[in-house]
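Peer 1: Would you mind keeping the following structure in view while I ask a few things?
The values are calculated or read from the model by the stated rules, or taken from the named source; none is laboratory data. All of these numbers come straight from a predicted model, not from anything done at the bench. Glycine also receives a Cβ, built like all others from the backbone with ideal geometry; neighbour counts cover every protein chain displayed.
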Amino acid sequence: MARTMWDSSVGKKTVMAVSGVIMLLYLVAHVIGNLKIFFGPEEFNHYGHWLRTVGEPFMHYEWTLWLVRIVLLVAVVAHAVSAYQLSRRDIKARPSKYVHKKPRASYATRTMRWGGIILGLFIVWHVLDLTTGHVHPGGFQEGHPYENVVDTFSTWYGNVIYIVAMLAVGLHVRHGFWSAAQTLGVGSRTRDRALKTIANVLALLLTAGFIAVPVGVMTGVVS
């Protein structure tokens, strides 16, 4: 039954919706944590340490963090694979271009595919920069996330990569929230306006929250 569900377009859309919700919840928690940087290095570094000790003594050091990482990795892979397979299925179903052009979709809808690719590449860079330190500018300091973040956003390319990626996040969330609501049966005629408003506000708040960090470093508010 699970195999049959996965093979269907409805099943793939459901996987995309559920995995999208998981990633959205992570983004909300992540942006709240990121904004702690405005309270100074002690507060932010303490938050970074807390992420590694959540659940102790029941969970060993970093076990909870790794559990979250594994869930996120599964969600990202499931989301990407479902999106790719649905896209290929859609192309096969429409081998030739429509004679009559359809009305242009929203900018977010038309850029979902490229936005997904941008975010995929960004995740790899972000991990190598602030988690492992392999591409981090200057000397990566283990256990000092505040200093590492300031280092990254003290470079022009670090700011450009991050801001472009966060704009892609906003567009992805705006369209993805709406699509997930429809797929999971939350949407209806009476709720459509409210759902669209929530999607727009959520996308705006997330984008602004994430971009506030590099802007803070660039303007010297965070240093």
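Peer 1: Test residue 131 against the criterion of being exposed (fewer than 14 other Cβ atoms within 10 Å of the Cβ), within 19 Å of the chain's Cα centre (by Cα) and within 25 Å of residue 69 (Cα to Cα), and give yes or no.
Peer 2: On the way: exposed (fewer than 14 other Cβ atoms within 10 Å of the Cβ): yes; within 19 Å of the chain's Cα centre (by Cα): yes; within 25 Å of residue 69 (Cα to Cα): yes.
Judged against the criteria, residue 131 is a match.
Peer 1: Quick check, is residue 148 within 18 Å of residue 37 (Cβ to Cβ), surrounded by 21 or more Cβ atoms within 10 Å (Cβ to Cβ) and among the polar types (S, T, N, Q)? Break it down stepwise before answering.
Peer 2: On the way: within 18 Å of residue 37 (Cβ to Cβ): yes; surrounded by 21 or more Cβ atoms within 10 Å (Cβ to Cβ): yes; among the polar types (S, T, N, Q): yes.
Yes, satisfied.
Peer 1: Next question. Which numbered condition in (1) within 27 Å of residue 205 (Cα to Cα); (2) surrounded by fewer than 12 Cβ atoms within 10 Å (Cβ to Cβ); (3) modelled with pLDDT of 90 or more is the only one that residue 60 fails?
Peer 2: All conditions are met except number (1).
Peer 1: It is to be established whether one or more residues within the stretch 27-36 are aliphatic (A, V, I, L, M), at pLDDT below 95, within 27 Å of residue 6 (Cα to Cα) and in a helix (DSSP H, G or I). It would help to see each step written out before you state the result.
Peer 2: So the first thing to find is which residues in the stretch 27-36 are aliphatic (A, V, I, L, M), and the list is 27-29, 31-32, 35.
Remaining after also requiring at pLDDT below 95: none.
Checked the stretch 27-36: no residue is aliphatic (A, V, I, L, M), at pLDDT below 95, within 27 Å of residue 6 (Cα to Cα) and in a helix (DSSP H, G or I).
Peer 1: Further question on the same structure: Out of the residues in the stretch 27-52 that are among the aromatic types (Phe, Trp, Tyr) and surrounded by 15 or more Cβ atoms within 10 Å (Cβ to Cβ), state the one that is nearest to residue 216 (Cα to Cα). I'd like the intermediate steps shown before the answer.
Peer 2: Pass one, the stretch 27-52, residues among the aromatic types (Phe, Trp, Tyr): 38-39, 44, 47, 50.
Adding the requirement that they be surrounded by 15 or more Cβ atoms within 10 Å (Cβ to Cβ) leaves 44, 47.
Details: 44: 14, 47: 18 Å.
Looking at the filtered set, the residue picked out is 44.
Peer 1: Would you check if residue 201 is over 30 Å from residue 134 (Cβ atoms), without any contact (Cβ under 8 Å) to a residue 12 or more places away in the chain, of a type outside the set (Lys, Arg) and not in a helix (DSSP H, G or I)?
Peer 2: Values: over 30 Å from residue 134 (Cβ atoms): yes; without any contact (Cβ under 8 Å) to a residue 12 or more places away in the chain: yes; of a type outside the set (Lys, Arg): yes; not in a helix (DSSP H, G or I): no.
When the stated conditions are applied, residue 201 does not pass them.
Peer 1: Somewhere in the stretch 156-167, is a residue of a type in the set (A, V, I, L, M), touching a helix residue (DSSP H, G or I) at 6+ places or on another chain (Cβ under 6 Å) and at pLDDT below 95?
Peer 2: no
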